[in-house]
Structures are given as C-alpha cells and as structure tokens.
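The values are calculated or read from the model by the stated rules, or taken from the named source; none is laboratory data. Because the structure is a prediction, the values reported are computed rather than measured. For neighbour counting, all protein chains shown are included, and Cβ atoms are generated from backbone atoms with ideal geometry for every residue, glycine included. For the accessible areas, the whole protein counts, side chains as well, though only heavy atoms, and no ligand, DNA or RNA atoms are used. Shrake-Rupley method; radii C 1.70, N 1.55, O 1.52, S 1.80 Å.
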Amino acid sequence: MGKKASPETMGFQTEVRQLLHLMIHSLYSNKEIFLRELISNASDAVDRLRFEALANPDLLTGDADLSIRVVLDKEAKTIAVTDNGIGMSREDLIENLGTIAKSGTADFLQQMTGDDKKDAQLIGQFGVGFYSSFIVADKVVVETRRADLEAKDAVRWESDGQGEFTVEPIERVERGTTVTLHLKETEAEFSELLRLETLIRKYSDHIAFPVLLEGGAEDDKEPRTVNSATALWMRSRSEVDDDEYKEFYKYLSHDFVDPITWSHNRVEGKREYTSLLYIPANAPFDLWNREVPRGLKLYVQRVFIMDDAEQFLPLYLRFVKGIVDSSDLPLNVSRELLQNNPQSAAMKTAITRRVLDMLARLSTADSKEDREIYQKFWKEFGQVIKEGLVEDSQNADKLMKLLRFTTTRSDGDLQDQSLADYLGRAIPKQDKIYYLLADTYATAKSSPHLEQLAKNGIEVLLLADRIDPWMVDHLADFEGKSFQDVGRGQLSLPEGDGTITQETMNEEHKPLLKKIQKKLKDRITAVNVSQRLIDSPACVVTADQDLTPQLRRMLEASGQKLPDSKPNFEINVEHPLVQRLSAERDDERFGQLANILLDHALLAEGAQLENPAAYVQRMNSLLLDMGTQEVKK
Ligand code: ADP
C-alpha cells in the first residue's frame, strides 16, 4: 500500500495503428471533425448514465445536471472535453481506446490504396471516432471514472498516437470523462475561442444536453452555454434546416459524408412516437456481414434507451440510420421485450413504409440531379433492396418500383432501368416481363437464349447479381404482367401465331431427336426443337421444376449437396451444324458431334463441364478428322 503504481505501457492493436495512420493522412482536410466525435462520445456517455440511473438513481447523486464542458487553454494549447456521464473503468478504457471491436476491420484496411483521396472515401464507410483526435493532437490524455466506481479507481490514459499508450490509476472525484488534446504546433486555429465556439455550435446544437465553453484567459473564464440543448428530433420540421439535419446524421453515424436523404416524422394517436431516418451516401464496409449491429437509436420520452435497436427495421434495411423516440414504450424496455411486442411490431411496419416511401420519392424525382442521387443509391444499396423482395413480400409492390436493371438495350452493365421504363418499351401484346439469369453480364449479353427475342424486338432484363436467382423466385406480377425466365421451360412469345408449336416441330424432326436423346441420355432430360435460337446451334434450358443453374452453382459452391438434375437440350434445326449432324451416317461420329453441341451449349451458359478431358478428346479427334479430310482432297 502507499506505493504509487507507475504507468503501464501497452500497444495498440495492429488495426488501430493502421487506422490512426490512415486517419491522420487522409482526413486532414476534414480535421475539425474530431470535435464532433468527442462531443458525440460525451453525449453518448451522458445518455448512458441517464439510462443506468433509471434503475440506480444514486448514480446521479451530487451532480444531477448533465452537461458537456469544453475548456480551451490558449497558453497550454489544449482543448479539454469533459462530460459527467457514465465514465470508463480501466478495462473499458483499454478495450475501447486500444482496439477496434468491429469484425472485418483487418480486411477492410487491406483495401486501402495509399491514395489519400480514395482512402478518405473508404474511411467514410468505417465511421471515425475517438481516434480522429490524433489528426490535430500530438498527445491525447483521457482521465475517467466510471460512475459506479470510487474516486480512487479512476484511470488516466495517454498516447501520442504512434503505436502505444499508457494507463495508470489516478484519483478523480467527479464521475465521467475528460479528454484533453494537446494541439499540434500547426493547429493554432483551434486555439481561437471564436472558431471553437462556431464549431461547437455546429456540432452540438441538436444535442439534448447543454454544451458549455470556457476560455483559459481571465476575461473569458466564465463558462457559457453555446448550444440550444434541445434534442433535434423534438423540434418541428420547419424549425430545422438541412445543415442541421446533416450534422445530426454525422453525429449519429460517425460518418463524415452527408446523407442522401432523410425523413422526420411525428406520429400521434394510438401510438405516439417520433422517427428521424437517414439514408447514408455510402455503404458501410460491413454491409454484407449480416451479424453486425444495426438498427435505430431508441429513446423513450427523450431518454436514451439503446443503440442498434434492430426491432424497428427489417434486415434488408440495415443500412438505414436514425432514431426513434417513443412516448408510450416503458422506460425499462429491453431487447427481449421489444422482440415480442405488438407495439414495436406495428412501429416496424410503419417505419419500413416510411423508408420505402422516402426511397420512392427519390427514385421518381424529375430533376437530373435527384436521378443521379438515386442511381448512386442503387449502386451502393441495390443488392440489399433486392433482398427485400425475398424477406418482405408485404412490400413487394413498393420494392419492385425501386428496382433497377441492366437490359439487352443497355450499353454497359449499369443498372439504371426501372420496370416501368421496361414496360414503356414493350412491344404490342407483350404480356410478360422477360429476364435472363447468368453469372456475368458478358455471358448474359451473348446468351443464345436471347436470339429469337431479339429478332422480335423484345427487351430482356439481364440478371447477374448474386442475389438475383433468389430474388426472381419472389417476383410477383408487376402491373399485371408476370415474369418469365427465358432460360427455362418453353418460351412463349407475344405474337406467336400458335400454329407452329414445339410439339409439331418435334414431330417433324422425331428421328433426329430420338437419335440425339439416345446418345445423350446420361446428360440431358429431353431434347426439343428450339423456338428461341437463331444464330446458335443449340442451348440448354432449365426444366420448369428445376433450380436455375446459377442458383445450383451457388448452393453447390457453399457446400450443399443437391439431387442430380439434367437440363433440357434444344437444337436449332435451321443451323448448318445441326444439319451436318443430321446428315451424319457414322454412328460414333454422330455421338461425338451431339456431345460437342451439348458441351458448347453448357459452356456458353457459363457452366463447367463435368468431364472436360472427355470434351477435349472429342474435339481433338474431330480436328484430326478434319485434317485427314483436307489431306485426302
Ligand atoms: P464509437 O464511439 O464509434 O464506438 P470511439 O472510438 O469514438 O468509437 O469510442 C470507442 C468507445 O469508447 C465508445 O464506444 C465508448 O464505449 C468509449 N468512449 C469514448 N468516449 C467516451 C466517453 N466520453 N465516455 C465514456 N465512454 C467513452
């Protein structure tokens, strides 16, 4: 006892080191965001204290006025941000300010290019935080005491942001946290009181707690409140300007890029709540990790209850940020309670609709600018919206209007055509929306399945996203038109005169079909005369009851065992190669040719041959034959 513990030195987690390096170099032009991040953390800490005090009012004893204080010391060139919130224990401190808990961070950091501009974009997907202090400070000191610990259990953390930090026990009477930044020589601008005041007002006006500012000099030592200290979402829409909404988003999300749109609503009546929902501009780096925390910040009567309340949004809207403040949920509401609560279920339905309406407004906007914004949204989040069709059939109508596609009329692979655009170009009597699934746009574009359709002037949606094979199973009718997979079953064309059916064609070519069927019986289910081919000799078609080959390949790649299925084979009887086959009298050669036709049909569709070596042998023997025929001539 009595021996003063000396500071213990620890290393930052590798990812923190990388992040720090990156942040300092790529966010330099946004450097003042450190202040927003510190105030945001302080406000969260105060929110948390108030929440814990619901169950344990003693926590507030002696200091019930929750606030955030910013002190500028011009002489010492320091800025200190103090909150009387929840504080941190030694373990919290090491955990929170020494590591990055988000999984996938290492992979994310791998993508950094070293190009500051690009990396600044990338880091926007990550969300900056406390570590942004090191953009302007060459030393940061954190002194903190957790509200439920004693003064002697307080801790001090210190680092120059280079790779290590120290931790040591201290005495601290007041609960909460003080973060002190020792400004770099080059950052003198932040030691101007007026500049600081402007920034703090910008970053904290929407926070529900007073933010006080005081200068270090004798004449400006009097602390003054610089924000209006009312929660932004409680103000009426007409009182909040766009910049304030944007700032609030950044405070919520730790993003430093503006959101693309938002929706702020108060619901009154049977249920009373306010929601403020934002659509970010960029997808977060972990959008595809369905396990990461997501959801809204939940308040009950202005009191913060929890982050990431996922019960108010379906999984496919996991990119939405925002808050919901309920007037009638109980203050002691827990995640479990929300799970099975008819009220939160009803709120989820309404909030989901709000988000979809907000997107609908954006997607149907007339101005070129808004159209571009929607296009950008679609690029970032289109694939998750497609998940919505699988997850949320209730909103299928709204979701289908949001979809954007590449089609046979598109130049590149940009997905920018809506179903309404598509139907606007439908040919007379076209009662179907045609689509083709493929593994890539390149395969889709050159697919033999499109030939007859192209000749008839029928546009086809080209679907090559991973989610597409799942999505198409959930596409109901759109404006009375059903969807047809052009690679499956019989192809029905709008203007077909109905006289030449596949059956009559099959009858006409029966001997040839029988011979092919015999040779290929192990590889195909049936062979038919094709009505979809013009330039290609043959193609494979998925039978009505079978999985699409794209879905099958994906499921197999993920290790699933599926029952065998054989495709239907279609031949183009007009094609010289098929006529050549038909004329072949040598039985063995006929078999080889038929197999090669099938091999090529599978390859064109993006499939892998089950027995590539056998294919190569067949091909070689055919080439040799050709050679000997040449010689004989
Ligand atoms: P984020 O705020 O996005 O979680 P930060 O790096 O800013 O990331 O902070 C990491 C964690 O450190 C926070 O989640 C919080 O638990 C803790 N923390 C930061 N500042 C404070 C503070 N002023 N009071 C209490 N805890 C804090």
Next item on the list: Principal axes first, then extents: for the Cα atoms of the range 191-250, list largest minus smallest coordinate on each axis, whole Å, largest first.
Entry: 41, 17, 16
Next item on the list: Using 0.36 nm per residue of separation minus the Cα-Cα distance, give me the extension gain between Gln490 and Ala543 in nm, one decimal.
Entry: 18.2 nm
Checklist line | Cα-based equivalent ellipsoid of the range 445-528: semi-axis lengths in Å, sorted from largest, via gyration tensor | finding: 28, 19, 12
Check: Which residue, chosen from Gly480, Ile427, Leu461, occupies the Cα position most advanced towards the positive end of the dipole of the range 411-496, where the dipole is computed from +1 (Lys, Arg) and -1 (Asp, Glu) charges on Cβ about the Cα centre?
Finding: Ile427
Item checked: As computed over the range 40-189, the Cα convex hull volume per residue (Å³) -> 138 Å³
Margin query: Hydropathy at least -0.5 by Kyte-Doolittle, axial extent at least 24 angstrom from the Cα trace: which helices of the chain, defined as entire DSSP H runs, fit?
Written below: 33-55, 342-363, 587-604, 612-632
Notebook entry, point to check: Can you give the three extents of the C-alpha atoms in the range 484-633 along their principal axes, from longest to shortest, in whole Å?
Noted result: 50, 45, 24
Notebook entry, point to check: How large, in Å, is the chain by the Kirkwood hydrodynamic radius built from its alpha-carbon pairs?
Noted result: 29.1 Å
Check: What is the distance in Å between the Cα centres of the range 60-84 and the range 234-280?
Finding: 28 Å
Note to self: What's the ranking of 596-602, 542-548 by average number of surrounding C-beta atoms within 10 Å, highest first?
What the structure shows: 596-602, 542-548
Notebook entry, point to check: Taking square-rooted eigenvalues a ≥ b ≥ c of the alpha carbon gyration tensor, is the range 1-71 rounded, prolate or oblate, where a/c under 1.5 means rounded and, failing that, a/b exceeding b/c means prolate?
Noted result: oblate
Notebook entry, point to check: So how compact is the range 500-560: Cα radius of gyration and Dmax in angstrom?
Noted result: 14.4, 43
Note to self: Taking 56 Å as R0, compute the FRET efficiency from the Cβ-Cβ separation of Lys139 and Lys510 and round it to 0.05.
What the structure shows: 0.05
Next item on the list: For every other residue with a beta carbon closer than 10 angstrom to the beta carbon of Asp544, add +1 if it is Lys or Arg and -1 if Asp or Glu, then tell me the sum.
Entry: -1
Checklist line | Within the range 581-610, backbone nitrogen closer than 15 Å to the virtual label 7 Å beyond the Cα of Leu623 toward Cβ | finding: none
Next item on the list: Take every Cα-Cα pair in the range 232-369 and report what % of them are more than 23 Å apart.
Entry: 32 percent
Check: Over the chain, what is the relative contact order in whole percent, taking alpha-carbon pairs under 8 Å and six or more residues apart?
Finding: 9 percent
Checklist line | Flagged links, alpha-carbon separation over 30 Å, of Lys250/Lys348; Lys348/Lys386; Lys297/Lys376; Lys31/Lys297 | finding: none
Next item on the list: Summarise the accessible area of the range 8-225 (1.4 Å probe, protein heavy atoms) by the percent that is carbon and sulfur.
Entry: 48 percent
Notebook entry, point to check: How high is the relative contact order of the range 232-369, given as a whole-number percent (alpha carbon pairs under 8 Å, six or more residues apart)?
Noted result: 21 percent
Check: To the nearest 10 square angstrom, what accessible area does His21 show with a 1.4 Å probe?
Finding: 110 Å²
Notebook entry, point to check: What aspartates and glutamates sit close enough to Lys445 to cross-link, taking a C-alpha to C-alpha distance under 17 Å and skipping anything fewer than 8 places away on the same chain?
Noted result: Asp411, Asp413, Asp416, Glu459, Asp465, Asp468, Asp485, Asp535, Glu605
Margin query: For the ranges 612-618, 461-467, what's the packing order if you count other beta-carbon atoms within 10 Å of each residue, average per peptide, and put the highest first?
Written below: 461-467, 612-618
Check: Rounded to the nearest 500 deg cm²/dmol, what is the calculated helix-only ellipticity per residue at 222 nm for the chain, with -39500 (n - 2.57) per DSSP H run of length n ≥ 4?
Finding: -11000 deg cm²/dmol
Checklist line | Efficiency of FRET from Cβ geometry, Ser334 and Arg585, R₀ 60 Å, rounded to 0.05 | finding: 0.15
Next item on the list: Report the local net charge at Phe304: Lys and Arg +1, Asp and Glu -1, summed over other residues whose C-beta lies under 14 Å from its C-beta.
Entry: -3
Check: So which aspartates and glutamates can Lys270 reach, going by Cα to Cα under 19 Å and dropping same-chain residues fewer than 8 places off?
Finding: Asp325, Asp328
Check: What FRET efficiency do you get for Asp522 and Leu562 if R0 is 22 Å and r is their Cβ-Cβ distance, rounded to the nearest 0.05?
Finding: 0.80
Note to self: What distance in nm separates the two pseudo spin-label positions at Asp465 and Ile170, each 7 Å out from Cα along the beta-carbon direction?
What the structure shows: 5.0 nm
Check: Got the relative contact order for the range 187-239 handy, in percent, Cα pairs under 8 Å and 6 or more residues apart?
Finding: 34 percent
Item checked: Kirkwood-based shape ratio for the range 4-123, expressed as Rg/Rh from alpha carbons -> 1.03
Notebook entry, point to check: Can you count the Lys pairs in the range 446-602 whose Cα atoms are under 29 Å apart, with each pair 8 or more apart or on different chains?
Noted result: 15
Notebook entry, point to check: Which residue, chosen from Thr9, Leu317, Gln560, occupies the Cα position most advanced towards the positive end of the dipole of the chain, where the dipole is computed from +1 (Lys, Arg) and -1 (Asp, Glu) charges on Cβ about the Cα centre?
Noted result: Gln560
